[in-house]
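Working notes for the structure below.
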Amino acid sequence: MAAKTPKRYPETKVLSRNFDVDKAWTFDVARQRGAYRSLEKALGSMTPDQVIDEVKTSRLRGRGGAGFPTGVKWSFVPKQTDKTKYICLNADESEPGTFKDRYLMELDPHLVIEGCLITAYAVGASMVYIYVRGEYPLSIERLWGAIEEARKEGFVGKKIAGRDFHCDVVVHSGAGAYICGEETALLESLEGKRGHPRIKPPFPAVEGAFASPTVINNVETLAHVPWIIENGGAAFAKQGIPPDPADPRSVGSSGTKLMGVSGDVQKPGVWEFEFGITLRQMIEDYAGGALEGRTIKAVIPGGLSMPVLTGDELDVKMGFDDLKAAGSGLGTACAIVMDDTCDMVQACENIAHFFADESCGQCTPCREGCHWMEKIFHRFDAGQGTRSDLDLLENLFRQIEGRTICALADAAVWPLRSIVRKFRHEFVAKMSPDEQRAEAEARSARQPAGVK
Amino acid sequence: MSASSSPEPVVTINGTAYPYEPGDTVIRVAHRHGIDVPHYCYHPSMSPAGNCRICMVEVVGSPRPQIACKMACFPGLSVNTDSDLAHEARADTMQMLLVNHPLDCPICDQAGECHLQDYSYQLGSGRAVTSTPKTKLPKNQPFGEQIVYDAERCIKCTLCVRFCEEITDTNELSMGQRSDHEQVIMTSAGEFTTRYSMNIVDLCPVGALTSRDFRFRSRLWFMDFVPSVCTGCARGCNVTVGARMGKVLRLEPRENQDVNQWWMCDAGRLGYKHANSATRLGVPAVRDASGAWREATFEQAIQAASAALAEHRHEERPGHVLLDGGATLEEMWVARQLAAALGGEARFAAHVGDDGDEFLVVNEKGANARGAEALGLARVKNAADAGAAVLVIERDEHVPADLRAASGAVVAFVTDASHVPDSVRVAFPFGSFAERDGWLVNVGGRVQRLLGTGEAGPSAVQPFQAVAQEILLDLDAGHDVLDDAALETRLRAAPGLADLVWPPASREPAEVSS
């Protein structure tokens, strides 16, 4: 175990600069604190391509979980097309344990809208849809309020900021399906259809909402854009973790990130850090560490959909590549902490239940497999699991992962597989005495004497 | 991959290069060249859903199998449909499909033509890997009047949903619920607005959608299937007729891109009932002196008919032969000869509806009306023109009761005993569409083969051509008796017919696919 870092890793308030300001969600307060200045700068002194280049320079990566370079995504949008182009803001923050976008939408909606409008200008879109999860009524209210205010002030609608740029912004409320956070399911839902993910290609940048070129980004991603325009992509790229010089394809993890901790900690919450804080620093210095008298057993570093890290693996930097190298992933960077009172079998049952319930039902492996896994975990919890069930689970993980249209199935497999592998002993402990004996015999047969 | 210098791009499947056209998917190229790629949710007429995952193939150079139904061909693409990885991927999918499947094959109507069953034999191990309780879903749900849905058997391929969206554009169906509770639901108030709804029963790769008309009536392997055409209207949709023990049990569309693609209408599909009528005339019947009917052998009946027609000719009443618009070219040809011997002409009558649409159904209901016109037969539209010596009737709606009564005919060939008018003295059984062989000309001028099955109808029905020519011999000793092959030769060369679109000259019917 590494010694606790003596110096507290600092917070960097970029996205969260207005979180503590009273009524920052109103136009007057927001404007006073700089809202729409970047939009005016972009419209007044930059071409759309310059905006895209600035974002490419910043090496900004998508904050929704996959970490795709944002500027690159924008550049896929065809320049020459007769179709209306759309910006679709993915505000369907439905990942368990994740509540970072909510802060942005509730406390600084003008920043979110400004980011959308700059993006619209960059790719030539004339319509922004903000798809907000239906369980966020305050976000919806604040966004609508901000849109109407901005419209009155000339920042939404025709002739934005007096320039020849027209773009409208609309909030669309989701209906509570996890799958509608998947970008193509979101588009289907936006179009009024059942939230079934689409097969890619075509990618949304070419054929998205209403069969037209569409940029879909996470709330936090686009909220970064005004700062990048104001301060330059290079300044943004200086923050965080630089690319690995040994790997020419490495993008690094630039800028700041809203990160959160929930679960078995003293003070759950959301903070903004430059990439580079370790998971342990965040949990211990900011979230107050484990509850009194308990120890941390496992952490899922980003949402629910990433492989779990054990309490011994927390000294990993919060960054896209660092967490991937550690066998997990950044995901939404909102960690879920489980302490020593957590029954990992029940945790698996709970996780599997979530994905079984939220699977859209489209692809065979996910539709049938997620509930199948839940039933098996339930069997373990009831003391009826066997060693062959663990083999069956491994087999199911293999059969489900990468065999479906969208990544929901992968998201189900990753945490479950990592828990089953890292906490096998907890599953064995719930088996019958005969099974436990067989497991012990198999272990001793596998390992030479003297090796623990 | 450098740009290929060959004019046609190729894709490699199982080590062999095959040309493809722009926009082709791997599964299309494979199927075009006879390479088997299993599929459930794929149908060539619809957008790929990519959800069943049974068509997964190995892409050389990729660790993960890909779905062939959505994978676009590009130069340099190399796939294997027969490799270990492809087989493993399919077997995995089968396992997932079967984990909640009820496995009620012994009571399922699809057994015998079920793709789940077929691939299970091919790919499955036959050994259950789990005792996990299966998910319970609704069974025996009515979808409209004709279709029954079983959500447990359903593999959620969405073919039926996409059919109602993309083919008929009527959107009666949708997927409902999520996860392994997903099921097909009706969006309309329990009724189909489309007249093509029962095609979803054929589309369904498993026994989830069954036809209320056919379900529980026979195991498929006891039935005889012949490739034929529907005689419900002049479109002439290609069908497969399934029959058993004297009864027609099912009509299903058979693919013909020039006529009906893969589909047929519900009315045509259910328009076989007259073949199974309880009042079918099974043997010839002759009126005795008292006017009462008595059964006769064909020889006796032919003698009686010849005598009656000779008398009729003597009386100088109209010697016409009035045919059902669904009669074959052969029947019309012989009828024309018979009419000539009686001093009249062959005519036909056929119902004209007003329900034609832009898809398949046409207003002209006479399945061979176009052929009759090509042969120069006049059309009888009302009772005033109906005078005839001989009637040939399969369907009531073509030669309705008023025409029959007004005809004054003395000899009738009828499928149903109830169609014999009072004036008739000799009645012969006439085969339904499922019992007769012959050529029909559809509304587009395409000559198609009607093929009978020995399993349908009464067992002793003799073809009209044979009986009529026997009568002709009695009336006119110099007449040449022609068999069907000789008739066909004449028909193919006949004025008005020679220009039509004939299939190649072979009496062998096409292979039955189902």
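Since every read-out is calculated from the coordinates, none of them should be taken as a lab result. Computed from a predicted model, the values in this text were never measured in an experiment. Cβ atoms come from the backbone with ideal geometry, glycine included; neighbour counts cover every protein chain shown.
Tabulated data for the structure shown
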{"read-out": "Average beta-carbon neighbours from other chains, 10 Å sphere, peptide A:348-360", "value": "2"}
{"read-out": "Column: log10 I(q)/I(0), Debye, Cα scatterers of region B:3-98, q = 0.10, 0.12, 0.14, 0.25 Å⁻¹", "value": "-0.24, -0.35, -0.47, -1.39"}
{"read-out": "Most positive-pole-ward Cα, B:G326, A:V169, B:P65, against dipole of the protein assembly as shown from beta carbon charges", "value": "A:V169"}
{"read-out": "Residue among A:M373, A:I351, A:F397 farthest towards the positive dipole end of region A:344-440, charges placed on Cβ", "value": "A:F397"}
{"read-out": "Relative compactness, region B:316-446, computed as alpha-carbon Rg over 2.2 N^0.38 Å", "value": "0.99"}
{"read-out": "Residue mean of other protein chain beta carbons inside 10 Å, B:123-130", "value": "2"}
{"read-out": "Likely footprinting exposure, B:K136, A:K200, fewest C-beta neighbours within 10 Å first", "value": "B:K136, A:K200"}
{"read-out": "Share of pairwise Cα separations in region A:265-335, more than 21 Å, in percent", "value": "15"}
{"read-out": "Euclidean distance of C-alpha centroids, region B:189-230 and region A:42-81, integer Å", "value": "54"}
{"read-out": "Cα-centre dipole for region B:3-98 with unit charges at Cβ (Lys and Arg positive, Asp and Glu negative), debye to 20", "value": "240"}
{"read-out": "Under 16 Å from the Cα of A:K7 - lysines, other chains or at least 8 residues apart", "value": "A:K317"}
{"read-out": "Surface/4 of the Cα convex hull for chain A, nm²", "value": "23.2"}
{"read-out": "Cα centroid separation, region A:368-422 to region A:240-292 (Å)", "value": "29"}
{"read-out": "Partners for A:K79 among aspartates and glutamates (Cα-Cα distance below 17 Å; same-chain residues under 8 apart left out)", "value": "A:D49, A:D53, A:E207"}
{"read-out": "Rounded to 5, percent antiparallel among DSSP beta bridges of region A:27-238", "value": "10"}
{"read-out": "Cβ-placed point charges (K, R +1; D, E -1), dipole of region A:27-238 about Cα centre in debye, nearest 20", "value": "420"}
{"read-out": "FRET E, pair B:D499, B:F359, Förster distance 30 Å, beta-carbon r, rounded to 0.05", "value": "0.65"}
{"read-out": "Average partner coverage of B:171-180, which counts Cβ from other chains inside 10 Å", "value": "5"}
{"read-out": "Exposure proxy order (Cβ contacts within 10 Å, fewest to most) of A:W372, B:W293", "value": "B:W293, A:W372"}
{"read-out": "Alpha-carbon centroid distance for the pair region A:113-129 / region A:139-209, whole angstrom", "value": "10"}
{"read-out": "DSSP-loop trypsin sites (Lys or Arg not before Pro) across region A:187-248, with at most 15 other Cβ within 10 angstrom", "value": "A:K193"}
{"read-out": "Hull-based mean projected area of chain B, where the convex hull spans the alpha carbons, in square nanometres", "value": "28.2"}
{"read-out": "Debye-sum result for the protein assembly as shown in log10 I(q)/I(0), which assumes one identical scatterer on each alpha carbon, at q = 0.05 Å⁻¹", "value": "-0.45"}
{"read-out": "Over region B:127-284, volume per residue of the alpha carbon convex hull, in Å³", "value": "158"}
{"read-out": "FRET E, pair A:Q436, B:Q122, Förster distance 45 Å, beta-carbon r, rounded to 0.05", "value": "0.70"}
{"read-out": "Over region A:293-388, equivalent-ellipsoid semi-axes from the Cα gyration tensor in Å", "value": "25, 19, 11"}
{"read-out": "Label-point separation, A:A382 to A:D20 (7 Å along Cα→Cβ), nm", "value": "5.3"}
{"read-out": "Dipole-positive endmost among A:I296, A:A35, A:L143 within chain A (Cβ charges, Cα centre)", "value": "A:A35"}
{"read-out": "Residues A:I296, B:I54 arranged by fewest to most Cβ contacts within 10 Å", "value": "A:I296, B:I54"}
{"read-out": "Region A:377-452 - convex hull of alpha carbons, volume per residue in Å³", "value": "98"}
{"read-out": "Net dipole in debye of chain A [+1 Lys, Arg Cβ; -1 Asp, Glu Cβ; about Cα centre; nearest 20]", "value": "860"}
{"read-out": "All lysines inside 30 Å of A:K85 as judged from Cα atoms, apart from same-chain residues fewer than 8 positions distant", "value": "A:K41, A:K56, A:K73, A:K100, A:K152, A:K158, A:K159, A:K193, A:K200, A:K257, B:K70"}
{"read-out": "For peptides B:405-411, B:185-191, A:390-396, B:344-350, sequence by mean Cβ density within 10 Å, most packed first", "value": "B:344-350, B:405-411, A:390-396, B:185-191"}
{"read-out": "Counting DSSP beta bridges with both ends in the protein assembly as shown, the antiparallel % (nearest 5)", "value": "60"}
